[in-house]
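Everything below concerns the one structure shown next.
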Amino acid sequence: MRPKIYIKDLSDHIGEQVNLKGWLYNKRSSGKVKFLILRDGTGYLQCIVFKGNVSEEVFETADRLSQESSFEITGTVKAEARAVGGVELDATDVKLISDSVDYPITPKEHGIEFLIDKRHLWLRSKRQAAIMKVRHRVVKAIRDFFDERGFTLFDPPVITPNACEGTSTLFEFDYFDLGKAYLTQSGQLYAEAGALALGKVYTFGPTFRAEKSKTRRHLTEFWMVEPEMAFYDLDDDMDLAEEFLEYIVQTVLRECKDELEILERDTSKLKSVKRPFPRISYDEAVEILKKNGTDFEWGNDLGGGDETIISSQFDRPVMVHRYPAEVKAFYMKRDPLNSRVALAVDVLAPEGYGEIIGGSQREDDLDLLISRIKEHNLPQEFFEWYLDLRRFGSVPHSGFGLGLERTVSWICGIEHLRESIPFPRMIYRNTP
RNA sequence: UCCACGAUAGCUCAAUGGUAGAGCAUGCGGCUGUUAACCGCAGGGUUGUAGGUUCGAGUCCUACUCGUGGAGCCA
């Protein structure tokens, strides 16, 4: 039953007779010759059906194939300069597997609303399939990177009893007799427990934010990878973050050439993603903003437009560190040299893609952490287990979170996060 | 939550307040090398909903519904 050969391997089978299975991507005809474009998930292949080379019945079958109908085709593999991809199939037999009537996504332009409604079919298009393959390769690069460096995968719970950072709006639901529970907005606090147990860990899973964000940079459900390391200070954290991003981007450049070409990505912008990345303090970022004519005031958080101005000064990701403590989360450690700023870092991607990493050195002093929890009006009883991490052998430790969809969107050069995840979840949309 | 824009054929879009159209898709016909093929013919509409102005509304006004993406929040 299963295919013995796939399109991506055909260049090793020139001159051989093969049998392929897949779907009709597109069809052209010129009287007595039909051009069937077969897709099988690994590539696209032009199949030629000449009227003189096949039976009347087979020619009729080829004529009746409609867009996205599934079929099986047998023929001889030929090197052919006129075919896209350089290889084509000279068909001798075509068998319909299952029909496809009135396939809604035609080979013309469509609006985003329509395409998202048909997301389950849109994924069959060349472009969307290429994005999914890049996403897969990014995920593999992430896992390889941490695996090669002695990290342990550490899965945090998705159901949590409280807000991690106390700021974002969370999805809330009833949890049996225990009252309200929430979908996680970050696995970080749990990753800290992991780091103090295992040294270096990373979490990787879905994350949920109930913010009513309506922008190209937000989803309500997205994937985040969060490494957390014992005995890492902020500089160590930044070293790891830049090595990590370089690794991901250079791996995709090397392994996903075909996909990046389908996406028409300007890869020269990715090739320059090499260490070292520029590191600027928040104070220096404010100077850049003022020089570029904004009336930005010290103490505010960087907005989307501010990030674009800053990142446009550099040809690779830029790390902005030491933010005003007031705009950052309660668990971030203050800079011993300047208590107004937190030992935090955001990594801004080039080309206006914005914040793809947010990280910090964590507060490791029990009393300071308790006072921060109070300042933020957070319920201390929910954080007792977290405070235990400071009661029993507290150590300096750091970590960061990388947004998978933002990273994939940046590498692919796509406009909107919704194309970088198979089934995006946004405000006003939870289907298909 | 706030701001802006939008809704016309299955899809993408036209249409000075005066007969609702094109391309793609679909069906039929033509073409032995097409590259989102091309050429000919055909079918396809309660112009988002409700009201109003007008001799006359897809077009102007009001409300609502839905959508889009920007702010805020952040990955």
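The values are calculated or read from the model by the stated rules, or taken from the named source; none is laboratory data. All figures in this text were calculated on a predicted structure; none of them were measured in a lab. Neighbour counts run over all protein chains shown; Cβ positions are idealised from the backbone, glycine included. Areas reflect the complete protein model, heavy atoms only, side chains present, ligands, DNA and RNA absent. Shrake-Rupley method; radii C 1.70, N 1.55, O 1.52, S 1.80 Å.
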Relative to the longest principal axis of chain A, what angle (0 to 90°, nearest 10) does the C-alpha long axis of helix A:188-198 take?
80
With all protein chains present, segment A:1-143 has a carbon and sulfur share of its accessible area (1.4 Å probe) in percent of 51
Out of A:R322, A:R216, A:R28, a Gaussian network model of chain A with alpha-carbon springs under 10 Å gives the largest mean-square fluctuation to A:R28
For chain A, dividing by residue count, accessible area per residue (probe 1.4 Å) in Å² works out to 48
Using 0.36 nm times the number of residues separating A:V395 and A:T92, minus their current alpha carbon distance, what extension gain do you get?
102.1 nm
Show that you can apply the helix-only estimate: for chain A, add -39,500 (n - 2.57) for every DSSP H stretch of four or more residues, divide by all residues, and state [θ] at 222 nm to the nearest 500.
-9000 deg cm²/dmol
Which listed residue (A:P424, A:I357, A:L369) has the Cα farthest towards the positive end of the charge dipole for segment A:350-432, taking +1 on Lys and Arg C-beta and -1 on Asp and Glu C-beta about the Cα centre?
A:P424
Surface share of carbon and sulfur [accessible, 1.4 angstrom probe, percent] for segment A:243-354:
44
Using the beta-carbon distance between A:S281 and A:T169 and R0 = 30 Å, what value does 1/(1 + (r/R0)^6) give for FRET efficiency, to the nearest 0.05?
0.50
Largest fluctuation, A:A81, A:A181, A:A325 only, Gaussian network model of chain A with Cα springs under 10 angstrom, belongs to A:A81
Taking R0 as 22 Å, what FRET efficiency do you get between A:Q250 and A:R216 from their Cβ-Cβ distance, rounded to the nearest 0.05?
0.30
Roughly how tilted is helix A:126-148, in degrees to the nearest 10 and between 0 and 90, from the longest Cα axis of chain A?
50
Counting other Cβ atoms within 10 Å, keep those with at most 15, restrict to DSSP loop, and tell me which GluC sites (Glu not before Pro) in segment A:311-388 are left.
A:E351
Let me know the charge dipole size of segment A:7-98 about its Cα centre in debye, to the nearest 20, where only the beta-carbon of Lys, Arg (+1) and Asp, Glu (-1) is charged.
340
With the Cα gyration tensor of chain A in hand, convert its eigenvalues to equivalent ellipsoid semi-axes via √(5λ) and list them largest first in whole Å.
50, 23, 20
Give the shape of segment A:20-88 as rounded, prolate or oblate, defined through the alpha-carbon gyration tensor: a ≥ b ≥ c are the square roots of its eigenvalues, a/c under 1.5 means rounded, and otherwise the shape is prolate if a/b is larger than b/c and oblate if not.
oblate
If you find the alpha carbon centre of segment A:192-247 and of segment A:358-432, how far apart are they in angstrom?
7
Treating the beta-carbon of each Lys and Arg as +1 and of each Asp and Glu as -1, no other charges, what is the dipole magnitude of segment A:252-291 about its Cα centre, to the nearest 20 debye?
260
Put +1 on the Cβ of each Lys and Arg and -1 on the Cβ of each Asp and Glu in segment A:161-288; which of A:G199, A:F222, A:I288 then has its Cα farthest toward the positive end of the dipole?
A:F222
Step through the table entries A:K214/A:K269; A:K333/A:K374; A:K8/A:K78; A:K126/A:K257, compare each Cα-Cα distance with 18 Å, and write down the pairs that go over it.
A:K214/A:K269
Here, GluC sites (Glu not before Pro) of segment A:137-228 satisfying both criteria (DSSP loop; at most 15 other Cβ within 10 Å) are A:E211
Just to verify a number: what accessible area does A:K214 come out at with the full protein assembly present, 1.4 Å probe, Å² rounded to tens?
150
Once you charge only the Cβ atoms, +1 for Lys and Arg and -1 for Asp and Glu, what is the size of the charge dipole of chain A about its Cα centre, to the nearest 20 debye?
1440
Full extension between A:N19 and A:E113 adds, at 0.36 nm per residue less the Cα distance, a length in nm of 30.1 nm
